[in-house]
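What follows is a set of notes on a single structure, which appears directly below.
What follows draws every value from the coordinates through simple rules; no lab data is involved. Every value quoted in this text rests on a predicted model; they were computed, and no experiment measured them. Please note: Cβ atoms are built from the backbone with ideal geometry, for glycine as well, and neighbour counts cover all protein chains shown.
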Amino acid sequence: MCLNGKGYFKSDDKFASLKVARAVSSIIGTAGLKCGVSSQKRPIVVMCIGTDRSTGDSLGPLVGDMLSKWKMTDVHIFGTLDFPVHARNLEETLKRTYEIYHKPYIIAVDASLGIMEHVGCITVGKGPIKPGAGLKKELPAVGDMHITGVVNTGGFMDFLVLQSTRLSVVMKMADIIARGLHIAFNEYADTSYSNSFYTAQYN
């Protein structure tokens, strides 16, 4: 499903990982990242934002933890359970990223709050996100593209809502996002794979 230029994917869809992968690959393709020889490719940085101190806000670090266990070419992960990227260190982490990598293409991954109908949905879209906006925090915009998981409803006492979010909801979405990114990155690296292989391995 596509709304306002974003892809919305339900986490209870057994093909959600492949749909996320397709959406990510499409955006990477339109950004021209796959043009030219490998040495000329822009490095991809996955900025997984959040903290394990809050169940709802742990989506990003969980995705980062899962991705960090796979070997991927030209892909760099920031934000894991052990070394989270959060409100206190986000600005410094972004600064360091641009110092280390030349013209990095940043994919921001973060939890979000939304309406009841969208809880459990994963969104993939172009452009940055504003972490902490729902909690009235002034943080820098992050990402050339973004992936968010709607972990709970928002609008009232959002901090407590994030604290009381069910871990099962967050884990399920983190798994789908990580798998989807892994598939897309294998394609980006020109690694031969088939959808049937990933479907069999991951389902």
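Label reach from Lys103 (point 7 Å along Cα→C-beta): in segment 37-76, amide nitrogens under 17 Å belong to 37-45, 74-75.
Filter the cross-link list Lys10/Lys69; Lys14/Lys95; Lys126/Lys172; Lys41/Lys172; Lys41/Lys71 down to pairs whose alpha-carbon distance in this structure exceeds 27 Å. Table pairs above 27 Å Cα-Cα are Lys14/Lys95; Lys41/Lys172. Using θ = phi - 60° and the Karplus relation 6.51 cos²θ - 1.76 cosθ + 1.60, list the HN-Hα couplings for segment 60-67 in order, rounded to whole Hz, with x at every Gly or Pro. So the J values, rounded to whole Hz, are x, x, 5, 4, x, 4, 5, 5. Hand me the GluC sites (Glu not before Pro) from segment 47-139 located in a DSSP loop with no more than 11 other Cβ atoms within 10 Å, in residue order please. Filter output for segment 47-139: Glu138. Which of Leu81, Leu59, Leu90 comes first, and how do the rest follow, when ranked by fewest Cβ neighbours within 10 Å? In increasing order of surrounding Cβ atoms, one gets Leu81, Leu90, Leu59. For Ile106, the residues whose amide H sits under 5 Å from its own are Val45, Asp144, Met145, ignoring neighbours fewer than 5 places away on the same chain, with H placed 1.01 Å from N.
Taking 7 Å steps out from each Cα toward its Cβ at Arg53 and Asp12 produces label points 3.4 nm apart.
What the Cβ-Cβ distance of Thr153 and Glu92 gives, at R0 = 30 Å and to the nearest 0.05, is a FRET efficiency of 0.40.
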